[in-house]
Ligand code: AMP
Ligand code: MG
């Protein structure tokens with residue numbers, strides 16, 4: 001599968017949107033920026049276009065895709081019913097990084113989008129280029145993150161080309177994405193908001209928008225343990241099929257170190273890095289700005305101030321890719337506080353670590 005991938009630079013956005021929309025309308029697949037990460041979009045109604053998305057990414061076909069709309073009003077064409085609580089969430093967070101899993105209207109999108117489920121995941125992205133592209137294409141756009149399956153999601157157009165050059169029709173460059181992590185995926189069942197995947201909208205924000213009397217329950221901690229055993233999967237109400245796959249992983253072996261006390265955290269991270277160095281490989285450390293200067297390793301990457309998890313979220317995926325570029329065999333990462341977007345940040349870091357978490 002080798003094709004010419006067109007690069008539309010930021011200074012050619014108008015013609016870029018026109019040409020990218022035409023490519024999508026013709027059944028092609030195009031990468032575009034959203035406020036979360038870059039997406040790889042195709043016409044959600046076309047089985048062939050959706051098959052091209054899966055093929056370009058190397059994504060397992062039982063992992064359904066999120067459908068992106070230019071306007072909340074279009075959700076009624078995709079969902080067979082939308083309840084009052086779901087409408088409240090749409091009004092509060094769209095456009096924005098919240099994905100709602102809704103009962104699908106039969107025939108509204110290709111069955112490849114939903115992986116044969118009776119639900120469809122929908123959101124309206126808060127990014128001007130994404131909105132213009134979707135409106136110009138004139139169709140709902142199915143779009144997973146624009147990376148090879150298993151790699152960290154792209155937060156720059158350059159990351160998209162690293163993974164998908166020659167495999168997709170084009171990429172619209174809109175500069176760095178804002179949130180840096182994927183959307184929050186929720187499903188409402190019997191008046192309860194189930195968070196299937198933490199993301200750009202925090203649990204605290206969901207609770208505030210829904211009201212104190214509405215339960216907001218999480219689909220698993222940062223390790224995703226509730227999803228890890230078949231029994232747990234059966235016992236659980238709604239699930240996000242994607243959580244069972246390895247995600248966001250650098251090539252090196254990553255260990256996440258968790259501790260509440262900053263002194264203990266620093267000591268444990270350095271001890272892990274020293275132990276990894278003994279084995280002869282190249283070792284990198286991911287740390288907050290305050291601690292980065294004091295570590296000894298082959299590379300130390302600072303993710304931002306300890307109390308600014310938004311900055312670390314924005315920086316994480318680029319840092320994981322940099323670990324690969326620097327040829328690091330081992331990566332030791334500091335945990336960040338799990339408040340606000342810190343919960344989504346720790347979820348992704350735990351996944352990048354493949355569940356290797358050390359508590360100090
Ligand atoms: P990505 O496209 O890589 O951002 O991943 C999309 C996420 O949304 C994955 O975790 C999917 O499993 C999840 N998802 C998509 N559609 C559904 C659905 N109908 N029900 C539950 N989760 C979904
Ligand atoms: Mg993804």
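Coordinate-derived values only; no laboratory data. Values in this document were obtained by computation on a predicted structure and should not be read as measured data. Ideal geometry is used to build each Cβ from the backbone, glycine not excepted, and the neighbour counts take in all protein chains shown.
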(message) Defining a contact as two alpha carbons under 8 Å apart and six or more residues distant in sequence, what relative contact order in percent does the range 49-126 show?
(response) 43
(request) Would you please classify the overall shape of the range 1-46 from the alpha carbon gyration tensor, given that a ≥ b ≥ c denote the square roots of the eigenvalues, rounded means a/c under 1.5, and beyond that prolate means a/b larger than b/c while oblate covers the rest? (result) rounded
(message) With the cut-off at 1.5 for a/c, could you classify the range 173-219 from its C-alpha gyration tensor as rounded, prolate or oblate?
(response) prolate
(request) Pull up the DSSP beta bridges for the chain and report the antiparallel fraction as a percent, rounded to 5. (result) 40
(request) Report the full-extension gain for the segment residue 80 to residue 324: residue separation times 0.36 nm, less the Cα-Cα distance, to one decimal in nm. (result) 83.4 nm
(message) Tell me whether the chain comes out rounded, prolate or oblate; compute the Cα gyration tensor, take square roots of the eigenvalues as a ≥ b ≥ c, and use a/c under 1.5 as the rounded threshold.
(response) oblate
(message) Tell me the mean residue ellipticity at 222 nm calculated for the chain from its helices only (DSSP H runs of n ≥ 4, each -39500 (n - 2.57), averaged over every residue, nearest 500).
(response) -10000 deg cm²/dmol
(request) Any chance you could tell me what percent of the C-alpha pair distances in the range 39-166 go past 26 Å? (result) 17
(message) Between 0 and 90 degrees, rounded to the nearest ten: what's the tilt of helix 128-137 against the longest Cα principal axis of the chain?
(response) 30
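Apply the Kirkwood formula to the range 110-210: the hydrodynamic radius equals the inverse of the mean of 1/r over all pairs of different alpha-carbon atoms; give it in Å with one decimal. Intermediate values should be presented prior to the final figure.
Details: mean 1/r = 0.0633 Å⁻¹.
About 15.8 Å, per the Kirkwood formula over Cα pairs.
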(request) Can you tell me the FRET efficiency between residue 105 and residue 359 if r is taken as the Cβ-Cβ distance and R0 is 51 Å, rounded to the nearest 0.05? (result) 0.65
(request) Round to the nearest 10 and give me the degree value, 0 to 90, for the angle of helix 342-352's Cα axis relative to the longest principal axis of the chain. (result) 80
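Given N residues in the range 1-107, what is Rg(Cα) / (2.2 N^0.38 Å)?
With N residues counted in the range 1-107, Rg over 2.2 N^0.38 Å equals 1.18.
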(message) Can you give me the distance in nm between label points at residue 91 and residue 158, each placed 7 Å from the Cα along the Cα-to-Cβ direction?
(response) 4.4
(request) Treating each Cα of the range 129-183 as an identical point scatterer and ignoring solvent, apply the Debye formula and state log10 I(q)/I(0) at q = 0.16, 0.29 Å⁻¹. (result) -0.52, -1.37
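Explain nothing, just the number: relative contact order of the chain, from Cα pairs under 8 Å at least 6 residues apart, as a whole percent. Could the numbers behind the result be given before it?
Working: 813 pairs, mean separation 68.3, N = 360.
Contact order relative to length: 19 percent.
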(request) Go ahead and run the numbers for FRET between residue 217 and residue 6, Cβ-Cβ distance against an R0 of 30 Å, rounding to 0.05. (result) 0.10
(request) Using only Cα atoms, tell me the angle between helix 13-25 and the longest principal axis of the chain; keep it within 0 to 90° and round to the nearest 10. (result) 70
(request) Between residue 135 and residue 277, with labels modelled 7 Å along Cα→Cβ, what's the label distance in nm to one decimal, could you check? (result) 5.5
(request) Measure off 7 Å from each Cα along the Cα-to-Cβ vector at residue 165 and residue 73, then give the distance between these two points in nanometres to one decimal. (result) 4.2
(message) Going by Cα centres, the range 5-77 and the range 295-360 are how many Å apart?
(response) 29
(request) Could you work out which residue, out of 190, 260, 213, moves most in a Gaussian network model of the chain, that is, has the largest mean-square fluctuation with Cα springs under 10 Å? (result) 190
